[in-house]
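No value in this document is a laboratory result; all are computed from the given coordinates. None of these values were measured; they are calculated from a predicted model. Every residue, glycine as well, gets a Cβ built from its backbone with ideal geometry; the counts of neighbours run over all protein chains shown.
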Amino acid sequence: MEELDDGNFIGLDDALKLISETLSIPLGFHSTPLDQCVGFPAGEDIVAVISSPPHPTSIKDGFAVIPSDIDAANPSSPILLRCIGDAYAGAPFGRPMSHGECVRVTAGALLPQGSEAVCASEFCEDAPDGQIVFKNNARPGQNILPAGGDVAQGDLLVPQGTIIAAPHLAAMAASGITTVKCSFWRSGQKSLLLERSSLLAIFMPRISPNVWDGCGSLTSQSPRGSYQMMFRPSPKLFAKLFPMGMNSI
C-alpha cells in the first residue's frame, strides 16, 4: 500500500522510531483479568504462584507401574500385572498402588500414588481377568513429567515491562495466575491509544474521536485486538505525527 505524502506526513518507520524514542514512563498500574491483559506491559515481574504441573503426570498413554515389578519383562518373557483401574487427566486416582498392580493412564493423568514409571501402551496388551501383559520394562521416572517440570513455583514468567502476548497466557494460567498488574500511561493531558492493526493512523491520521479520553475510558473502550499500546505523546512527537494539530484527526 502506498504511503500518502503531501509534505506534512512522515513514514511508518520514522513514526515508530519517534514513538520508541519519546514514550512516556508508565505512571500507573491496573489489575487486569488474565484474558484482557494481552498487549499491555507487565507492571511487575510475574512469577508462578504454583508449580506446573502441580503433581507428577504421565506424558504417554500406558500403565503406571512400580518399576521393579516389570524389571525383567521382555517380548520373549512377558510379565503379568493386575490392572486396578483407570486414571485420566484432571482427576487423581482413588487409592495407592501396591506391588503386582498397575493402573491404566492417559497422557496428562496424575500419577497414582506408589507408582514410579509409566510403561507405554505399545509394550502392553490386555489379558483375561483384568491382567495386563508387559513386554518391556520401565525405568524409574520413565514417561513421567515431574511436579514443576514445566514451571516451578516462584519461576519468573514475564519480566516487568514486557509486552504481554498470547503465548504468555498459557504459562500464567497453568501457574495459578488469574489477574495481572499492567502498566498504563496517564496524566491530566489526553492519552493516545494505537493498535498495531491501525498503525496507518500514524501517517494517515484518521483516528476515532473516542480514542482521545482519560485512561480509564481508554482501557474500557478498547477491548478489541491484541497488541495494544498506550502512550502520552510529547509535544515534539505530537507535532511530527499530526503536523496540522487536532484538525488533522
Once phi for every residue in the range 112-118 is put through the Karplus expression 6.51 cos²θ - 1.76 cosθ + 1.60 (θ = phi - 60°), the whole-Hz ³J(HN,Hα) values, with Gly and Pro written as x, are x, 4, x, 7, 9, 7, 10
Using amide H atoms built 1.01 Å from N in the peptide plane, name the residues 5+ places from V158, or on other chains, whose amide H lies under 5 Å from its own. I46
Given +1 on the Cβ of Lys and Arg, -1 on the Cβ of Asp and Glu, and no further charges, what dipole in debye does the range 57-145 carry about its Cα centre, rounded to the nearest 20? 160 debye
Excluding K181 itself, what net charge comes from residues whose Cβ is under 13 Å from its Cβ, given Lys and Arg +1 and Asp and Glu -1? -2
For V105, distant residues with modelled amide H under 5 Å away: G62, F63, A64, A87
Integer Hz, Karplus 6.51/-1.76/1.60 couplings in order for the range 33-41, x for Gly and Pro: x, 4, 7, 10, 9, 4, x, 9, x
